[in-house]
Amino acid sequence: MLKRIKKDKLDVLVFENRQSLGLAASKSVSAKFKELLAIKPAINVIFAAAPSQNEFLAALVADQTIKWDRINAFHMDEYLGLPADAPQGFGNFLKAKLFTLVPFASVNYLNGNVASFKDECRRYSDLLLNNPPDVVCMGIGENTHIAFNDPHIADFNDPETVKIVNLDLACRQQQVNDGCFNTLSEVPEFALTLTIPALISAPYIFCMVPGKNKAAAVTHTLTKPVSETYPSTILTTHNATMLFIDADSYSQLSEQYV
């Protein structure tokens, strides 16, 4: 680890590269799983789907000490209208990177191809109400979104748990930048997402944000006032969030920032 920073309540850990970030994050998450499973029969965990999570997920899957059969898995957002087998689908991403690689007690998907998206929001909201999240493993978007809560629709007091959103241009362009889609026109304009209150209701949040493309987002998260203009700033108010960044995503922060 290169350095450790505290921003309000947010614990920030800076690592040399994506690999060391992913390994350290997986160790912290694994330790939290063990701590919680020592006092609870099962736990509920929400996972993000994005290339920024690759190294973390690979290290987590490799951890043979985790009691996966006592963990219920959820994911936090999904495009509307992609083909059911599209690799860009977030459920499909997590299925390939995590959900089919370890023996979870249950895996719970958001479905972006249902007849009624409002009914799907209600179904998943009820599922989370009955299985409150213990841990969220997430990232931050280039526009500082968390899940698909882009700045124009982010609401720190959102009354919903899951909602339908239209994605802003920066969010859709990120999907091209990440290599998930070839052109902007291929990126869906609408999605289902867990809301910000649903995410930060979890007692523990682990946020993995490597790469130069995320340097501005990390800087905004740690230096801007808490507001929906920069949705990720809400993490600085959460009682137990760890933000894992690498030298690239840290690169726009002043060396004097501590």
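Name every residue in the range 222-232 that is among the hydroxyl-bearing types (Ser, Thr, Tyr), in contact (Cβ under 8 Å) with a residue 60 or more places away in the chain and within 28 Å of Asn54 (Cβ to Cβ), in order of residue number.
Tyr230, Ser232
When Val107 is tested against the conditions (1) farther than 22 Å from Lys34 by Cα; (2) touching a strand residue (DSSP E or B) at 6+ places or on another chain (Cβ under 9 Å), the lone failure is (1).
Contact map, the range 133-149: residues that are closer than 13 Å to Phe244 by Cβ and in a strand (DSSP E or B) paired with residues that are of a type in the set (Phe, Trp, Tyr) and modelled with pLDDT of 95 or more, Cβ distance under 7 Å, separation 6+ or inter-chain. Pairs shown: Cys137/Phe47; Cys137/Phe206. Look at the range 111-129: where a residue is within 19 Å of Leu199 (Cβ to Cβ), no partner that is exposed (fewer than 12 other Cβ atoms within 10 Å of the Cβ) sits 6+ places away or on another chain with Cβ atoms under 6 Å. Give me a count of the residues in the range 113-132 that are loosely packed, with under 14 Cβ neighbours inside 10 Å and assigned to a loop (DSSP other than H, G, I, E, B). So the answer is 3.
Pairs linking a residue in the range 233-253 that is part of a strand (DSSP E or B) to a residue that is among the aromatic types (Phe, Trp, Tyr), with Cβ atoms under 8 Å and 6 or more positions apart or on different chains, are Thr241/Tyr204; Thr241/Phe206; Met242/Phe206; Phe244/Phe15; Phe244/Phe56; Phe244/Phe206; Ile245/Phe15; Asp246/Phe15. Every condition in (1) closer than 15 Å to His75 by Cα; (2) within 14 Å of the chain's Cα centre (by Cα) holds for Lys163 except the one numbered (2). Only one of the numbered conditions (1) out of contact with any Ser or Thr (no Cβ under 6 Å at 6 or more places or on another chain); (2) farther than 20 Å from Gln19 by Cα is not met by Gly179, and that is (2). When the range 3-17 is filtered for residues that are among the basic types (Lys, Arg) and either outside any loop (DSSP other than H, G, I, E, B) or at pLDDT below 95 (or both), the ones remaining, listed by number, are Lys3, Arg4, Lys6, Lys7. If the condition is being touching an Asp or Glu at 6+ places or on another chain (Cβ under 6 Å) and not polar (S, T, N, Q), then the range 6-55 contributes Phe15, Arg18, Leu21, Gly22, Leu36, Ile43, Pro51.
The condition (being farther than 21 Å from Lys212 by Cα, exposed (fewer than 15 other Cβ atoms within 10 Å of the Cβ) and among the charged types (D, E, K, R)) is satisfied by just one residue among Glu16, Glu35: Glu35. Thr223 - would you say it is of a type in the set (Ser, Thr, Tyr) and within 28 Å of Ser28 (Cα to Cα)? So Thr223 passes the test.
What number of residues within the range 151-174 are more than 14 Å from Leu194 (Cα to Cα) and modelled with pLDDT of 95 or more? Summing the residues that are more than 14 Å from Leu194 (Cα to Cα) and modelled with pLDDT of 95 or more in the range 151-174 gives 2.
Scanning the range 65-119 for residues that are over 19 Å from Leu129 (Cα atoms) and of a type in the set (S, T, N, Q) yields Thr65, Gln88, Asn92, Thr100, Asn113, Ser116. With respect to the conditions (1) modelled with pLDDT of 95 or more; (2) over 17 Å from Thr241 (Cα atoms); (3) of a type outside the set (Gly, Ala, Ser), Val45 lacks only one, and its number is (2). Could you run through the range 177-232 and say how many residues are in a loop (DSSP other than H, G, I, E, B), surrounded by 19 or more Cβ atoms within 10 Å (Cβ to Cβ) and touching a Pro at 6+ places or on another chain (Cβ under 7 Å)? Number satisfying all stated conditions: 2. Of the conditions (1) of a type in the set (Lys, Arg); (2) assigned to a strand (DSSP E or B); (3) under 23 Å from Gly22 (Cβ atoms), Lys163 satisfies every one except a single condition; which number is it? Tallying (1) of a type in the set (Lys, Arg); (2) assigned to a strand (DSSP E or B); (3) under 23 Å from Gly22 (Cβ atoms), Lys163 fails exactly one: (3).
The values are calculated or read from the model by the stated rules, or taken from the named source; none is laboratory data. Just so we're clear, the structure is a prediction, and the values are computed from it rather than from any experiment. With ideal geometry, Cβ positions are generated from the backbone for all residues, glycine too; neighbour counts draw on all protein chains shown.
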